[in-house]
Amino acid sequence: LSRPDGTTSSRFSHEVVVIDDDTRVLDLVKLTLEMDGLSVCWLNSLAQAHVWMTEQSTGGSDPQVILLDVQLGEASGYDVLKGLAQHDLLKQNRVIMLTGEANPQQKVFKAIEAGAFDYLSKPFEPWVLLSRVRLARSQV
């Protein structure tokens, strides 16, 4: 898999994995979390997410927090959330769903029921993201 910095790795050792196809979100997330000393990996497609999940389920190093977009272009974030559960990755990771939808309230329940730890609406303030990631990391 290719990382945003151009390097490749078959194993990821990051504290936060972002599964989102919007580079603007990645820029904000990386800046915010790296300033707090966290390492961030970006997966921008369903295909990359599936490869990563397979690697993690076969002994890859686990992140602590996964930021997962509800709408990934070709797929639903809920499908990825189901895949995380099928690969038994929800026990050791906390998933925070991200959405740009105008009225996400009804989706929050669906996400939490499916195994997400939290839900955050875009656009979000950097301090809100950081506080939610910190909380999620404390619960791992």
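The values are calculated or read from the model by the stated rules, or taken from the named source; none is laboratory data. No experiment lies behind these values; they were computed from the predicted model shown. Using ideal geometry, Cβ is built from the backbone for each residue, glycine included, and neighbour counts are taken over all protein chains shown. Surface areas here come from the heavy atoms of the whole protein model, side chains and all, with no ligands, DNA or RNA. Shrake-Rupley method; radii C 1.70, N 1.55, O 1.52, S 1.80 Å.
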With all protein chains present, the chain has a carbon and sulfur share of its accessible area (1.4 Å probe) in percent of 51 percent
Computed, not fitted: 222 nm per-residue ellipticity of the chain from DSSP H runs ≥ 4 (each -39500 (n - 2.57)), nearest 500, equal to -12500 deg cm²/dmol
Filtering trypsin sites (Lys or Arg not before Pro) in the range 81-140 by DSSP loop and by at most 13 other Cβ atoms within 10 Å leaves LYS91
So the number of lysine pairs in the chain with alpha-carbon atoms under 24 angstrom apart, 8 or more residues apart or on different chains, is 9
Sites removed, the longest contiguous part of the chain containing no DSSP-loop GluC sites (Glu not before Pro) with at most 14 other Cβ within 10 Å is 1-73
Per GNM of the chain with C-alpha springs under 10 angstrom, the most fluctuating residue out of TRP127, TRP52, TRP42 is TRP127
With every protein chain in place, the accessible area of HIS50 for a 1.4 Å probe, in Å² rounded to the nearest 10, comes to 80 Å²
Here FRET efficiency (C-beta to C-beta, ASP88 to VAL108, R₀ 22 Å, nearest 0.05) is 0.35
Largest fluctuation, LEU130, LEU90, LEU81 only, Gaussian network model of the chain with Cα springs under 10 angstrom, belongs to LEU130
What one gets for the chain as the Kirkwood radius, inverse of mean 1/r over different Cα pairs in Å, is 14.8 Å
To the nearest Å², the heavy-atom accessible area per residue of the chain with 1.4 Å probe amounts to 49 Å²
With Cα springs under 10 Å, the Gaussian network model of the chain assigns the largest mean-square fluctuation among LEU31, LEU67, LEU43 to LEU31
